[in-house]
Structures are given as C-alpha cells and as structure tokens.
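Inspection log for the structure reproduced underneath, given as structure tokens.
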Amino acid sequence: MSIAPYSTAKPAKGLTMTKSTELKKLLHSIDTEFLMEAHDGISAKIVEESGFKGIWASGLAMSAALGVRDSNEASWTQILEILEFMADASRIPILVDGDTGYGNFNNLRRAVRKLCQRGIAGICIEDKLFPKTNSFIGEGQPLADIDEFCGKIKAGKDIQLDDDFSIIARVEALISGRGMEEALKRASAYFEAGADGILIHSKQRDGDEIINFLKEWANRCPVIIVPTTYYQTPTQEFRDANASLVIWANHNIRAATSAMRETSLRIYRDQSLIGIEDSISSVDEIFELANNSELAAAEKIYLPNNQDETKAIILAASRGKELHDLTVDRPKCMIDVRGQPLLHRLTTTFNQAGIRQISAVRGYKKSTVNLPSIDFKDNDEFETTGEVTSLSRAISQIEGNCIFSYGDILFRHYVLDQLLKTNGDIVLVADALWQDRDPNPQSRTRDLVKCAEPFTIKYLDEDEVTLNAIGHDFTPEEIQGEWIGLAKFSAVGSNKIRSEIIAMQQDGTERNASMIDLFARLLKNREPIHIIYISGHWLDIDNADDLADAQKFL
Ligand code: SPV
Ligand code: MG
C-alpha cells in the first residue's frame, strides 16, 4: 500500500472525503467499525497499512510513548504535536483521546480549533476532572458535574471549524461505580448537549454491562466501546448489540513495549546483534514506511540540473573473505572505519563532489547494506558471478556522466575532483606510485596498467594518456600504474560500457568477467580508454593491514 508523504484535513488524492467526514461515516455506518490505537507517526502508518479505517490516538499510549503517566503530564500542545505527525503520516481519520478536554470549556474550545486546523477528525472527552487519571487506576474516581460537562460539549461544537468534526462524550459512570441509571442519564444529557456519539467505558471482565447499556440506549446515537478488560467477549456480541465503533485501545504500545524489552535485553545480554537481526524489521522496511522512494522521485523532479548530473555506481557485492571475522555478518563495504561504514565514507566523498544519485550493487549479506539515499540494486548470484554481472544489475544507471567505483576503496577528494574534470569518454584513475604502495606486492591481485606514456608531473590533471593494456601479469618494466578501482564514463562512454555488457551477456562471457575483462574487450575493439595518474593518496581494503591503514588514512 502506498503511503502519502503527508496529508492534511483536505482529502488526499484519490479520497473524496475529508477525514472528519470519513469518521462521521464510520460512526453512522450500519456495520460495527473498528479503530486501532496508534501513538506516533510510525504506528499511525502501520495501523493504516493493516487495513483499519480509523485511528484511536490513545492518551495512555501517547503518554507511555513519551515516558510519562496518563495523568495529563504531557501538555495538550505536546499531544497536539504528536497528533500532527500522526495526521501527516496517515490518510485515515484520527479520533483523539482528549482526556477531560485539558481544562474547562475554554481550554477545550482552543484545543478543538487547533485539532480542526491540523486535520484531526474528532475528539473524545471524558466526564472526569482535570488532571485526569486513567480509568483502570483506583475506584470511584470523581466525575464532572453534568451541566459543566454539557457546557463543555456545547462550547466545542460551537467553535469547531470543520462541520464534520466529531465530539464524542465519554461516560465514566460505570467505571466509577455509579451504575447503569447514572450512565444512561449522563449519556442522554451529553447527547442533548450536541455530542456526536457516546463512548461508554467499562472495566468489567465481561461485556455484560456494556451490552446492557447498548440495549437500553437503543441506538439513540452512535455508541463507541473499548473492550480492553472484556476482550474475551466475542466481537459478534458487540455487532448484535449495535455498537457503532469498537476501539482496540492500547495494543500497539503494549506490543511495542514487549518487543523493545525483548530486543534490548537480548542485545544487552549477547553483546551482539546476531540473535535478533532476523526477527526485527529491516532498515529497508523502515525506509519503506518513511516512503523514502517518494523523496527520491521528488528529488528527480525538484532538484536542479538533475538531467546532467553525474551519477555514481558502486560495486559492493562481495564479502571480503580475507577480513575473516569482520565480514561474517556484513560485507566489507559495511566495515566500520573510524565510526562509519566504508560505504558511508565513500558516499560522503561523492556527495561532497556534488554527486547525489548513487547506486550500489549489493550481494553478500545484503540486508546489512542499508544506508539512506542510496539506490540499491542486488546481485543475488554474487557467489557464482563476477563484477560485470554485478555492474549489469545497475545497467539502467549507466547513462550520462557516470562515476564507477569499487566499494572497498578510499581516496582523497582531489582524486574525484580531477576525474570529474576530464573530458575522455572512459577514464581510469591509475596510481603511478604503485610500487610504493605495498611492501608485499604478491599479497593481492592488482589491476595494473600499461599506458602510452609514463607518469610525469605534467599529466597530473589531464587525460591525454591512453591505456594500452590492463591486467594482472605484466613485467614490472611494462607497468605504468595500478588502476585504483575508480573510473569515469561520459554519456558516450556509458553507452559503450552498456553495449559491451550486453554483448558479453549475449556471448556468454559476462558471468565470470571482471572489470578488467570488460576494459580489455573495449581496448580490443579499439575503443580509447584514458588514464589520469595520481601518486598515492588512496587505498583499498583487502585485509586487516589495509584496515589499519584506512584508520590512519582518515
Ligand atoms: C486510552 O486509550 O487512553 C483510553 C482508553 O482512554 S483506556 O485506557 O481504556 O481508558
Ligand atoms: Mg485515555
């Protein structure tokens, strides 16, 4: 289900009614309808996503989520702020638990106006005294004077800005032990004062007194019930007795509390996330609930120059086995380097160079690769395929100006700046001081380049040097540098890369091909590839020594 990026009292696109009209419709529906508790933006979204037609913004739950008691410890404006987030996060109507109305008639008037302005569909006020106490605490709580409470209802109805806004009068006579007669007397008075519905509350273990009330009331106006203590009464009995709305009043905050307790205790005890990772929502689910994709789409429309904007594609599918324990539960691009995953550092470098459209291809432990504002593509066959297959997963992104990068490298900002200034269609960055980099050059496979000309100072920020060959097995005399895993493709270059990937898919060579194979094919086809030289100032992370170097590098 798609979720609105925001909503207001006005109908969201596709809806024909305001939220207040929707709530009115639920109240007067011939069927018994249901409201589900929510207490913040995310729970409001989840309630909507589950299929409920309306939300109960529970005072108990909102207070609990703030870590305070359900005794008006949170001010009414603090509650208003929460409600605004909830209304923005959802498209279904919200009935707010307004406690006793936050004071006398005048306080309620101000609250009603503000609620109407913020797209809340209705308020329920209870006939107790400010500051309120939760109905399930103690016995015989004092009730409001009937006339005073009727005045409050009238004041609210007179001031509401939205004709369909509902004011529900909650009768606490049964809760406070005053009996059915008092409950009916109060309900009648409140209805006559203008209430749009009655909420009759009970704390009995069975639903008998509620069913009796509904029978006695005989549908004079909509009646709302809250079967928290009498949850064992079959819902059909409420239907048969013509309950208008049933509120499941506090079950999301209770569910969240047990889930958070269990998770926190487990992580505390284990000092590890392994035991819980698979049983909790993924970060992607959170992004989905926040509707991040809407923002990405909006950025394409509203941010300037997005047509010519350079994109980046990062290959981040491999595990990095040589890092052993560090890559058991995440790929090497997510290894922490001075407090941030490597991939985060890389994307920050791109962002600083003005590159915002970043795609990364994940594979190993992909659910752990979940940074915001990256467009992720997946190579689920990462174990049996090579780099070109991973790159092919982002083939739609290889268009226009494009930076290609491995996900396990770090380099100084100037390297990227220099690369972005080049004019060639396919330009690779090569380290001319490749021999200085590694005391043990046999320890890794390196992407070495043979070029038309060796590095001299004059080539520092030009791309006149052309690549003759790229591979792993040249004699030291032939080698002019090491490709660092960073490249730039112009629009023309991107087309060539795309075509070559497609050609490799067609001739069956793609699955095992490395980037080196791809570049080698282009060279064989006489497509020019350019080189810019740098002298150090980068590293890749293959093993524990590299990781130690990376900590120093920053
Ligand atoms: C709430 O959800 O805050 C309510 C319902 O007022 S109850 O807690 O059952 O009184
Ligand atoms: Mg309450």
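The numbers here are math on the coordinates, done by the rules we state, and not lab data. Note that the coordinates shown come from a computational prediction; the quantities given were computed from them, not determined experimentally. Here Cβ is always computed from backbone atoms with ideal geometry, including for glycine, and neighbour counts include all displayed protein chains.
Structural remarks
- The order of V223, V427, going from fewest to most other C-beta atoms within 10 Å of their C-beta, is V223, V427.
- Charge dipole (Cα centre; +1 on Lys/Arg Cβ, -1 on Asp/Glu Cβ; no other charges) of the stretch 124-167 amounts to roughly 160 debye.
- Between the Cα long axis of helix 208-217 and the first principal axis of the chain there is an angle of about 70°, rounded to the nearest 10.
- Stretchable slack from Q551 to R266, in nm (0.36 nm times residue separation minus alpha-carbon distance): 99.5 nm
- Note on the stretch 20-249: with charges restricted to the Cβ of Lys and Arg (+1) and Asp and Glu (-1), its dipole about the Cα centre is near 340 debye.
- Taking chymotrypsin sites (Phe, Trp or Tyr not before Pro) across the stretch 219-252, the ones in a DSSP loop with at most 15 further Cβ atoms lying within 10 angstrom of their Cβ are Y231.
- Taking all Cα-Cα distances within the chain, those exceeding 34 Å account for 53%.
- Sequence-distant residues sharing a close amide H with D375 (under 5 Å, placed H): I358, S359, A360
- Each of the peptides 76-84, 287-295, 112-120 was scored by the mean count of other Cβ atoms within 10 Å over its residues; in descending order, highest first, they stand as 112-120, 76-84, 287-295.
- Karplus-derived 3J(HN,Hα), 6.51/-1.76/1.60, for each residue of the stretch 509-514, Hz, glycine and proline x: 9, 5, 4, 9, 7, 9
- Annotation for Q505 and R110: the two label points, set 7 Å from Cα along the Cα-Cβ direction, are 6.4 nm apart.
- Close amide H partners of V465, meaning residues 5 or more places away or on another chain with modelled amide H under 5 Å apart, are I531.
- At an R0 of 60 angstrom, the distance between the Cβ atoms of D147 and H324 translates into a FRET efficiency of 0.20.
- Using the Cβ-Cβ distance between M180 and A297 with R0 = 60 Å, the FRET efficiency computed as 1/(1 + (r/R0)^6) comes to roughly 0.60.
- Relative contact order for the stretch 20-249, counting Cα pairs under 8 Å that sit 6 or more residues apart, in percent: 21
- Helix axis angle, 76-89 relative to the chain longest principal axis, alpha carbon, degrees: 60
- In the chain, the longest principal axis of the Cα atoms and the axis of helix 491-507 are about 90 degrees apart.
- Between amide H atoms placed 1.01 Å from N, distances below 5 Å from L35 occur with V246, I247, W248, all of them 5 or more places distant or on a separate chain.
- Per-q log10 I(q)/I(0), the stretch 166-306, q = 0.13 Å⁻¹ (Debye; single scatterer per alpha-carbon; no solvent): -0.73
- Charged side chains reduced to their Cβ positions (Lys and Arg at +1, Asp and Glu at -1) give the chain a dipole of some 1240 debye around its Cα centre.
- Average Cα contact separation per residue, the chain, under 8 Å, 6 or more apart, as relative contact order %: 11
- Positive-end residue of S392, P131, N370, charge dipole of the chain with Cβ unit charges: P131
- Neighbourhood net charge (10 Å Cβ-Cβ; Lys/Arg +1, Asp/Glu -1) for A89: -2
- Charge tally in the Cβ shell below 12 Å around S494, where Lys, Arg are +1 and Asp, Glu are -1, S494 excluded: +1
- Approximate spin-label separation Q435-E277, in nm, with each point projected 7 Å along Cα-to-Cβ: 4.3
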